[in-house]
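Working notes, structure below.
The values are calculated or read from the model by the stated rules, or taken from the named source; none is laboratory data. Since this is a predicted model, take the numbers as computed values, not measurements. Glycine also receives a Cβ, built like all others from the backbone with ideal geometry; neighbour counts cover every protein chain displayed. Accessible surface areas use protein heavy atoms only, side chains included; no ligands, DNA or RNA. Shrake-Rupley method; radii C 1.70, N 1.55, O 1.52, S 1.80 Å.
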Amino acid sequence: MQATTLDMTPTDIAVHDDTLRIRWQDGSETSLSVATLRRACRCAFCEKDRREGREPVVADGLRIREIRLVADKAMNPVFSDGHERGIYPWDYVRML
Ligand SMILES: [Zn+2]
């Protein structure tokens, strides 16, 4: 069944140490490590790295400093390594 956009909206977002937990409107939960999220970054820089055969570098002890919401449709995490250009649409986050 295809989830509607409304179902994709998180009701709760929490970061504990190196784990991001998102609770969704439909009651399900997504738990992701900060490293997984950082590796999955789709910003222009990381996409360029991938095209050139490099994976985003994940520093030891990487954390999320802040999560900005993008018009209820996506999130923009600020990583402790200063990386803050990745936009993660909710449907992409659920796929990770
Ligand atoms: Zn990136």
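Quick look at the numbers
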{"quantity": "Some residue of the stretch 75-91 being loosely packed, with under 12 Cβ neighbours inside 10 Å, under 15 Å from the mean Cα position of the chain (by Cα) and either of a type in the set (Phe, Trp, Tyr) or in a strand (DSSP E or B) (or both)", "calculated": "no"}
{"quantity": "Failed item in (1) open to solvent by less than 30 Å² (accessible area, probe 1.4 Å); (2) not in a loop (DSSP other than H, G, I, E, B), with residue 94 passing the rest", "calculated": "(1)"}
{"quantity": "Of the criteria (1) of a type outside the set (Asp, Glu); (2) near the ligand (Cβ under 10 Å from one of its atoms); (3) touching a strand residue (DSSP E or B) at 6+ places or on another chain (Cβ under 6 Å), which one residue 30 fails", "calculated": "(2)"}
{"quantity": "Residue in the stretch 58-66 that is open to solvent by less than 40 Å² (accessible area, probe 1.4 Å), within 17 Å of residue 16 (Cα to Cα) and modelled with pLDDT of 95 or more present", "calculated": "yes"}
{"quantity": "Pair list, Cβ under 8 Å, 6 or more apart: the stretch 52-64 residue over 13 Å from residue 40 (Cβ atoms) and of a type in the set (D, E, K, R), other residue open to solvent by less than 60 Å² (accessible area, probe 1.4 Å) and assigned to a loop (DSSP other than H, G, I, E, B)", "calculated": "63/80"}
{"quantity": "Among the candidates 66, 55, residue that is part of a loop (DSSP other than H, G, I, E, B) and either in contact with a helix residue (DSSP H, G or I) (Cβ under 7 Å, 6 or more places away or on another chain) or more than 17 Å from residue 9 (Cα to Cα) (or both)", "calculated": "55"}
{"quantity": "Among residues of the stretch 44-69, those that are more than 13 Å from the ligand (Cβ to nearest atom), over 17 Å from residue 32 (Cβ atoms) and β-branched (Val, Ile, Thr), counted", "calculated": "0"}
